[in-house]
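Engineer: Below is the structure I would like to discuss, written out as structure tokens.
The values are calculated or read from the model by the stated rules, or taken from the named source; none is laboratory data. Because the structure is predicted, anything quoted here is derived from the model rather than measured. For neighbour counting, all protein chains shown are included, and Cβ atoms are generated from backbone atoms with ideal geometry for every residue, glycine included.
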Amino acid sequence: MMNAKLTALLLVSALPFAAAATEQELTPWYVGAGVGVNNYEPNCDQKTMKTCGEDDPYAWDIFGGYMFNDYFGVELGYRNLGRAEWTDYANVKNDAGARGATLGLVGFWPFAKDWALSAEAGAMNYLISNKQQDGAHYYSDSGVAPYFGLGIGYNLTENLKLQAKYRRYENLDEDKWNTLDMESNYWGLELSYRFGYSKPAPAAQPAPEPVVAAAPVDSDHDGVTDDQDQCPNTPADHKVDAKGCSIYVEKLETLKIAAQFDNNSSVVKPASMADIEKVASFMNKYPKADLEISGHASLPGKASYNLWLSQKRADAVAKILVDKYGIAATRITAKGYGETQPLMQGSSAEANEVNRRIEAHMSFKDKQPLLK
């Protein structure tokens, strides 16, 4: 009864997919049937058998399957393995056969155009029977037997596949009366049909009419048309690159401001504060600029003393910029040069006054557009 239900379930479940095959491409569903010969063990080739009768070794099966992908699927079927007759050494005549529903996994390995190897493994819910002594005694039992198989197949068309199969069944036992303990080898051919069809190639479309391109426009009159201009509305006096963007150059500016000191003093005069404030304003305007404050001394006196004094003068101005105007100390370098860089030679009162000084050298790069 169980075998009949499984067979009916397979056939019924395949019907809606067969109907849908005309509406889509190849589906994962297929059905098929096979025929072959089956050899039970024990059989007439074994020494445990006394005599052999007329076997009916022809086997058949029907099946349906579902492919998860091009290489792997699951298969449900019904198989009849045929019958065999023999007389054992107890002089008992046996007439045995097995049939039943199967469920297994199948795998495919394409190795050439339209050719593929296959492997399968699963279980058979079998019904086995033994008609001993020409039917005088009838023994039957059911159980589950594992099987495995190998095959090679060829795609006759996109839908039809022909396969040669070998299967091995284990533990086909009649345990209820303990009359049978068998295995089985099967060789056969199978023909399967996969539902679906290949869509025909799309019909050739007429060539589109040529489109006349509009003349390119240069809205901002910079010499680059709008379809390539990545910087629209550039000023009319700016030079631009191939993308229509203004070309910028870096302009180097140097500021020199002097502050003077009394003789032998590093105290900044109030009159110099306006110059120092101007330096602070430039530092704030250009936050990436760095400043060097150089201290200088007049010629009279020892050179070592004058070097020390000039450093004190440079440090004094740097301190005002940091403490009074908040300029970061890391942006300021203070260095004394002593009497090595006089503006006026000699030791006259005029030369000494000019040489006692501070110079602030600030260099910065100002990015400006390149004009036409």
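Engineer: What pairs can you find where one residue is in the stretch 317-335 and under 21 Å from ARG356 (Cα atoms), the other is of a type in the set (D, E, K, R), and their Cβ atoms are less than 6 Å apart, with a gap of 6+ or different chains?
Structural biologist: Once the first residue is under 21 Å from ARG356 (Cα atoms) and sits in the stretch 317-335, its partners that are of a type in the set (D, E, K, R) give THR333/GLU292; ALA334/ASP315.
Engineer: Given GLY82, GLY100, GLY65, which one is at positive phi and touching a Pro at 6+ places or on another chain (Cβ under 9 Å)?
Structural biologist: Only one candidate passes the filter, namely GLY82.
Engineer: Let me ask you something else. Can you find a residue that is surrounded by 15 or more Cβ atoms within 10 Å (Cβ to Cβ), closer than 13 Å to SER265 by Cα and in contact with a strand residue (DSSP E or B) (Cβ under 6 Å, 6 or more places away or on another chain) anywhere in the stretch 336-346?
Structural biologist: Within the stretch 336-346, none of the residues are surrounded by 15 or more Cβ atoms within 10 Å (Cβ to Cβ), closer than 13 Å to SER265 by Cα and in contact with a strand residue (DSSP E or B) (Cβ under 6 Å, 6 or more places away or on another chain).
Engineer: Can I ask one more? Could you run through the stretch 211-231 and say how many residues are under 38 Å from the mean Cα position of the chain (by Cα), surrounded by 12 or more Cβ atoms within 10 Å (Cβ to Cβ) and touching a residue at least 12 places away in the same chain (Cβ under 8 Å)?
Structural biologist: Of the residues in the stretch 211-231, the ones under 38 Å from the mean Cα position of the chain (by Cα) are 226-231.
With the extra rule that they be surrounded by 12 or more Cβ atoms within 10 Å (Cβ to Cβ), the set shrinks to 226, 229, 231.
Those still in the list that are touching a residue at least 12 places away in the same chain (Cβ under 8 Å) too: 229, 231.
Selection size over the stretch 211-231: 2.
Engineer: List the number of the failed condition for HIS238; all other conditions in (1) more than 23 Å from ILE327 (Cβ to Cβ); (2) of a type outside the set (A, V, I, L, M, F, W, C); (3) modelled with pLDDT under 80; (4) surrounded by 17 or more Cβ atoms within 10 Å (Cβ to Cβ) hold.
Structural biologist: Among (1) more than 23 Å from ILE327 (Cβ to Cβ); (2) of a type outside the set (A, V, I, L, M, F, W, C); (3) modelled with pLDDT under 80; (4) surrounded by 17 or more Cβ atoms within 10 Å (Cβ to Cβ), the lone unmet condition for HIS238 is (3).
Residues are listed down the side, and each one gets a yes or a no for (1) at pLDDT 85 or above; (2) outside the structural domain of LEU162 (by TED's automatic domain parsing); (3) over 19 Å from TRP187 (Cα atoms); (4) aromatic (Phe, Trp, Tyr):
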position: ASP61; (1), (2), (3), (4): yes, no, no, no
position: TYR66; (1), (2), (3), (4): yes, no, yes, yes
position: ASN80; (1), (2), (3), (4): yes, no, no, no
position: TYR89; (1), (2), (3), (4): no, no, yes, yes
position: GLY97; (1), (2), (3), (4): yes, no, no, no
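Engineer: Separate question: In the stretch 78-124, which residue that is part of a strand (DSSP E or B) and among the β-branched types (Val, Ile, Thr) is nearest to GLY34 (Cα to Cα)?
Structural biologist: Out of the qualifying residues, it is THR102.
Engineer: Which one is nearest to ILE332 (Cα to Cα) among residues in the stretch 305-318 that are small (Gly, Ala, Ser) and touching a Gly at 6+ places or on another chain (Cβ under 8 Å)?
Structural biologist: ALA314
Engineer: Would you mind listing the helices (runs of 4 or more DSSP H) fully within the stretch 273-372 where at least 2 residues are in the same structural domain as GLN260 (by TED's automatic domain parsing) and either under 60 Å from the mean Cα position of the chain (by Cα) or over 17 Å from PHE261 (Cα atoms) (or both)?
Structural biologist: Passing ranges, in order: 273-285, 303-323.
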